[in-house]
1. Please find the FRET efficiency linking A70 to S49, where r is the Cβ-Cβ separation and R0 is fixed at 25 Å, and quote it to the nearest 0.05.
2. Along the stretch 53-69, what does the Karplus equation 6.51 cos²θ - 1.76 cosθ + 1.60 (θ = phi - 60°) give for ³J(HN,Hα), rounded to whole Hz, x for Gly and Pro?
3. Set the Förster distance to 35 Å, then compute FRET efficiency between T33 and S11 from the Cβ-Cβ distance, nearest 0.05.
Amino acid sequence: MRMLTVGGNGSDAMTLRRTRVKRALRVERLGQTAASVCWICSLFFYGISSIGDWLQLCAASAWLLANIAASTARKAE
C-alpha cells in the first residue's frame, strides 16, 4: 500500500496531471463543453425572461459542471 507524503513523488503528480489534461482534451469532452458554453451564452444573448429560460440556464450549467467534474475526477485504480 502506497501512502502519500507531504513531499510526494513528483512523477506521480505529473502523470496524474497529464492524464487529466489528456482526458479534458478528448474530442467528446471538448464538444460537450463547447455545446454547454454556447447554450449558456445563447441564453444571455436572447435574454432570460421566463422560468423556462432559468431552467435552461440551470440545465446548461449543470451539464458544464458535470463535464468539468468528469475531466478532473480521478479514475479508480
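1. On the way: r = 32 Å, r/R0 = 1.27.
Using R0 = 25 Å, I get an efficiency of 0.20.
2. With coefficients 6.51, -1.76 and 1.60, one gets 5, 5, 5, 5, 5, 5, 5, 5, 5, 5, 5, 5, 5, 5, 5, 5, 4 Hz.
3. Numbers: r = 29 Å, r/R0 = 0.82.
Here the calculated transfer efficiency is 0.75.
Values quoted throughout were computed directly from the atomic coordinates according to the rules given, and no laboratory measurement underlies them. Note that the structure is a prediction, hence the values are computed from the model and not measured. Backbone-built Cβ (ideal geometry, glycine too); neighbour counts: all protein chains shown.
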